[in-house]
Protein chains: 2
Amino acid sequence: MTPLNPELDLELTRLLKAPPAKVWRCWTEPELLKRWFTPHPVVTREAIMDVRPGGRFYTVMVIDGVDHASDGCFLAVEPERLLVFTDTLEAGFRPVAEPGLGFTAMLTFTAEDGGTRYTARAMHGKPESAKQHAEMGFHEGWGAVAVQLEGVAQGL
Amino acid sequence: MTPLNPELDLELTRLLKAPPAKVWRCWTEPELLKRWFTPHPVVTREAIMDVRPGGRFYTVMVIDGVDHASDGCFLAVEPERLLVFTDTLEAGFRPVAEPGLGFTAMLTFTAEDGGTRYTARAMHGKPESAKQHAEMGFHEGWGAVAVQLEGVAQGL
């Protein structure tokens, strides 16, 4: 695991009341992901997930009736343990034409107290990008969806 | 394998007179890479290669006495078959602060006629980037170093 760089990384950790196998399913099955991936009332109306290194991770969220598409690429996949993806590359590792936020997300899942120690890190290339992502509400947004994620996982 | 996109990709293929195992060594061992990686008289004076997905690929070439460093990240590693890296990410899949050319290189090695069918593809996000890379001499440069690569591999 790459050490956290406080100038470039944002990180959130939660103890979820569901086992890693269920949390993993919520993160890798499109129909489950759509149920928790964006903070209510924002809806994720589409998700395409080819969960393997080089596979596509495409989502469309709807904010105030307007579609916002996001394309990315999975980089590392270790079932029930580690999931890494980036919005700087698209399917097949091709660089994207127009980078969005420009970050790599690293999610880890570890069994703890009958639940899952869930850690979500967003890694950036420049301090300004990390600052912008923080100001856009990284902690509030990822915090809110972690609660939604837990709810969906508990219902499985 | 992602299909070639003629607007975004540059590709070169050669039949090298050395087996995939030796060509692979030349591509993955720093002391061997330094012997062929840049077209003479340009010298690669340093190479750091952590050949695994997420591992660092760092080189320093010397052009007219001036150091030019390049940092990147390996994305896919299938020994003697496939090597993928990008300059849009650095070690640990972190986005780079200042992208250089912004491409992903995909190298394939296949046994053919006692040698190796070697294909090097550079994938870009925008047609302008592919055009710029072509104008900088992709075909001449990668063609010249393919001959050097063959020479080093034959000597193993």
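If B:ARG81 satisfies every condition in (1) away from chain A (no Cβ under 14 Å); (2) surrounded by fewer than 19 Cβ atoms within 10 Å (Cβ to Cβ); (3) farther than 14 Å from B:VAL23 by Cβ but one, which is the exception?
(3) is the only condition that B:ARG81 fails.
Taking the residues in the stretch B:100-113 that are away from chain A (no Cβ under 11 Å) and in contact with a Lys or Arg (Cβ under 8 Å, 6 or more places away or on another chain) as candidates, determine which candidate is surrounded by the most Cβ atoms within 10 Å (Cβ to Cβ).
Only one residue tops the list, namely B:PHE109.
Please count how many residues of the stretch B:114-150 are among the small types (Gly, Ala, Ser), away from every other protein chain (no Cβ under 14 Å), more than 20 Å from B:GLU80 (Cβ to Cβ) and outside any loop (DSSP other than H, G, I, E, B). Before the answer, list the steps.
Looking only at the stretch B:114-150, we keep the residues that are among the small types (Gly, Ala, Ser), and these are B:114-115, B:120, B:122, B:125, B:129-130, B:134, B:137, B:141, B:143-144, B:146.
Narrowing the set further to residues that are away from every other protein chain (no Cβ under 14 Å) leaves B:114-115, B:120, B:134, B:137, B:141, B:143-144, B:146.
Still in the running and more than 20 Å from B:GLU80 (Cβ to Cβ): B:134, B:137, B:141, B:143-144.
Of the ones still in play, those that are also outside any loop (DSSP other than H, G, I, E, B) are B:134, B:141, B:143-144.
Number satisfying all stated conditions: 4.
Quick one: is B:LYS17 farther than 26 Å from A:THR86 by Cα, crowded, with 17+ Cβ neighbours inside 10 Å, at pLDDT 95 or above and of a type in the set (Lys, Arg)? Show your work before the answer.
Details: farther than 26 Å from A:THR86 by Cα: yes; crowded, with 17+ Cβ neighbours inside 10 Å: no; at pLDDT 95 or above: yes; of a type in the set (Lys, Arg): yes.
No.
If you check A:LEU149, A:LEU107, A:LEU156, which single one turns out to be in contact (Cβ under 8 Å) with a residue 12 or more places away in the chain, among the aliphatic types (A, V, I, L, M), touching a Phe, Trp or Tyr at 6+ places or on another chain (Cβ under 8 Å) and over 15 Å from A:GLU11 (Cβ atoms)? Give the derivation first.
Details: A:LEU107 fails: over 15 Å from A:GLU11 (Cβ atoms); A:LEU156 fails: touching a Phe, Trp or Tyr at 6+ places or on another chain (Cβ under 8 Å).
That would be A:LEU149, the only listed residue that is in contact (Cβ under 8 Å) with a residue 12 or more places away in the chain, among the aliphatic types (A, V, I, L, M), touching a Phe, Trp or Tyr at 6+ places or on another chain (Cβ under 8 Å) and over 15 Å from A:GLU11 (Cβ atoms).
Only one of B:THR86, B:THR110 is under 22 Å from B:HIS139 (Cβ atoms) and under 15 Å from the mean Cα position of the chain (by Cα); which? Steps first, please.
Numbers: B:THR110 fails: under 15 Å from the mean Cα position of the chain (by Cα).
Answer to the selection: B:THR86.
Kindly evaluate A:PRO41 against the criterion of being at pLDDT below 95, more than 30 Å from B:VAL77 (Cβ to Cβ) and open to solvent by 70 Å² or more (accessible area, probe 1.4 Å). Even if it seems obvious, please write down each step before you answer.
Details: at pLDDT below 95: yes; more than 30 Å from B:VAL77 (Cβ to Cβ): yes; open to solvent by 70 Å² or more (accessible area, probe 1.4 Å): yes.
Here the answer is yes, as A:PRO41 does meet what is asked.
The values are calculated or read from the model by the stated rules, or taken from the named source; none is laboratory data. Everything numeric here is computed off the predicted structure, so don't read it as measured data. Counting neighbours? That spans all protein chains shown, and the Cβs are built from the backbone with ideal geometry, glycine included. Just so you know, the surface numbers come from the protein's heavy atoms only, side chains and all, with ligands and any DNA or RNA stripped out. Shrake-Rupley method; radii C 1.70, N 1.55, O 1.52, S 1.80 Å.
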